[in-house]
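Working notes for the structure below.
Every number in this text was worked out from the coordinates using simple rules, so none of it is lab data. Small disclaimer: the values here were computed from a predicted structure and weren't measured. Using ideal geometry, Cβ is built from the backbone for each residue, glycine included, and neighbour counts are taken over all protein chains shown.
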Amino acid sequence: MELRPFLEKLPKAELHVHIEGTLEPELSFALAQKNNVSLQAKTPQEMIAAYNFHDLPSFLDIYYAGMSVLKDESDFYQLTMHYLRKAATQNIVYVELFFDPQAHTSRGVSFDTVINGIHRARSDAAAELSVQTNLILCFLRDMSAESAMEHLMMAQPHLDKIIGVGLDSDEKNNPPAKFSAVFEKARSMGLKLTMHCDVNQDNTLEHIRQVIEDIGVDRIDHGVNILESEALCNLAREKKLGLTVCPVSNRFVVQSLTSAEIKKMLQYGLMPCINSDDPSYFRAYLNENFIALQEEGDFTVKELVTLAENSFKASWLPDAQKQAYLADLQDYVSEYQEI
Ligand code: HPA
Ligand code: ZN
């Protein structure tokens, strides 16, 4: 069986994609011109050539600098619509999208501008593209817990637009425990919880322990190092915690696609799924992640289908909707195997 077309048409969900990490160079240039922002690069090709990250901080520098072109609501609308159009072409039927409000309010762009632009695109994408989405507000862990709490309060009038909260940015010296009060408050507001545990960070096992035992997250972003602790693997399995792994992102940040680790997660009965993280910067959307993984790891069809199933199972959709997507996925697999 030819796996590339099978993977390309496979219905799937994406649970770990930062909307700001989908900003393509061409759109950057268009928005820079509209908003009178000057860019260092002269062409989109030159911009891509400067993507020379090799670890998390060197990526984050370029990622935050790129956001300077996003100014008004229509910019956030265009950014989101652009990604969701791409998602539709990759047979991504459901997305839980991260956004980083502090990276915008710190530049003088209001929380309402950001969320209203993204939300309008979500409505249009549901109607025009049949791509369903939910939104996850991410706090920047290298900013203070007070700032995170202020942004959670800004989100209060928009709770109907947000399904959960997350934690991203530079993990070094910024443990999950720093944000325990903010996450407790978010939980009390009815929000789901996830946190990044980036790969090979200092104190990674203690961070993973904190997110599971102390914060009580509903999912873990990345979390690949969990394999180093049998006790943590047992906990994650008992709690049926999804792990949103991002192979091509890992290749940039820790120089490995982590295909062997993803296989091990499946063998250990954990619930990994595949994601793109920041697809414009890493030059790979979700299908390219699946294909790169398959090429390196020689996954079986069954394993690949399990990874796609996990993307729905680990989502925060109501059970009936999960089951409906899983049934569509099963139909697709059965029909494909008959050909
Ligand atoms: N890790 C931490 N912060 C991020 C990431 C990531 O993978 N992507 C965007 N911000
Ligand atoms: Zn991420």
Kindly indicate the residue of region 206-224 that is of a type in the set (A, V, I, L, M) and within 13 Å of Lys239 (Cα to Cα) and also nearest to ligand 2 (Cβ to nearest atom) among those meeting that condition. Ile220
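Quick check: anything in region 60-70 out of contact with any His (no Cβ under 9 Å at 6 or more places or on another chain) and either under 27 Å from Phe299 (Cβ atoms) or not in a helix (DSSP H, G or I) (or both)?
no
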Please go through (1) closer than 30 Å to Gln90 by Cβ; (2) away from ligand 1 (no atom under 16 Å from the Cβ); (3) buried (at least 16 other Cβ atoms within 10 Å of the Cβ) for Leu167 and return the number of the only condition it doesn't satisfy. (2)
For region 189-218: of the residues being within 20 Å of the chain's Cα centre (by Cα), farther than 21 Å from Thr258 by Cβ and of a type outside the set (Val, Ile, Thr), which is farthest from ligand 1 (Cβ to nearest atom)? Gly216
Give me the pairs: first residue in region 224-244 and under 18 Å from Leu307 (Cβ atoms), second residue away from ligand 1 (no atom under 16 Å from the Cβ) and of a type in the set (S, T, N, Q), beta-carbon distance under 8 Å, and six or more apart or on different chains, which are they? Gly242/Asn310; Gly242/Ser315
Flagged in region 1-27 as within 13 Å of ligand 1 (Cβ to nearest atom) and out of contact with any Lys or Arg (no Cβ under 8 Å at 6 or more places or on another chain), in numbering order, are His16, Val17, His18, Ile19, Glu20, Gly21, Leu23
Determine whether region 229-247 contains at least one residue that is β-branched (Val, Ile, Thr), assigned to a helix (DSSP H, G or I) and within 14 Å of ligand 2 (Cβ to nearest atom). no
Selection count where residues are under 15 Å from Leu137 (Cα atoms) and out of contact with any His (no Cβ under 6 Å at 6 or more places or on another chain), scope region 77-101: 6
For region 125-147, check the following and say yes or no: at least one residue is β-branched (Val, Ile, Thr), part of a loop (DSSP other than H, G, I, E, B) and over 24 Å from Pro176 (Cα atoms). yes
Give me the pairs: first residue in region 70-95 and at positive phi, second residue buried (at least 18 other Cβ atoms within 10 Å of the Cβ), beta-carbon distance under 7 Å, and six or more apart or on different chains, which are they? Asn91/Leu10; Asn91/Pro11; Asn91/Lys12
Does at least one position in region 267-278 carry a residue that is within 19 Å of the chain's Cα centre (by Cα), within 16 Å of ligand 1 (Cβ to nearest atom) and either acidic (Asp, Glu) or in a helix (DSSP H, G or I) (or both)? yes
Say whether the condition of being of a type outside the set (Lys, Arg), more than 29 Å from Lys185 (Cβ to Cβ) and within 16 Å of ligand 1 (Cβ to nearest atom) is met by at least one residue in region 225-243. no
When only residues in region 133-164 that are within 15 Å of ligand 2 (Cβ to nearest atom) and more than 30 Å from Arg85 (Cβ to Cβ) count, which is surrounded by the fewest Cβ atoms within 10 Å (Cβ to Cβ)? Asp142
Report every pair of residues separated by at least 6 positions or lying on different chains whose Cβ atoms are under 9 Å apart, first residue within region 1-28 and without any contact (Cβ under 8 Å) to a residue 60 or more places away in the chain, second within 16 Å of ligand 1 (Cβ to nearest atom) and part of a strand (DSSP E or B). none
Scanning for something β-branched (Val, Ile, Thr), closer than 25 Å to Ala308 by Cβ and touching a strand residue (DSSP E or B) at 6+ places or on another chain (Cβ under 9 Å), does region 147-165 turn up at least one residue? yes
Determine, yes or no, whether Glu261 is part of a helix (DSSP H, G or I), over 25 Å from Gly166 (Cβ atoms) and free of Cβ contacts under 8 Å to residues at least 60 places away in the same chain. no
From the option list Ala177, Ala186, Ala181, single residue qualifying as surrounded by 20 or more Cβ atoms within 10 Å (Cβ to Cβ), part of a helix (DSSP H, G or I) and away from ligand 1 (no atom under 16 Å from the Cβ) is Ala186
Candidate set from region 1-55 (those that are of a type in the set (D, E, K, R) and over 19 Å from Ala292 (Cα atoms)); member that is nearest to ligand 2 (Cβ to nearest atom): Glu20
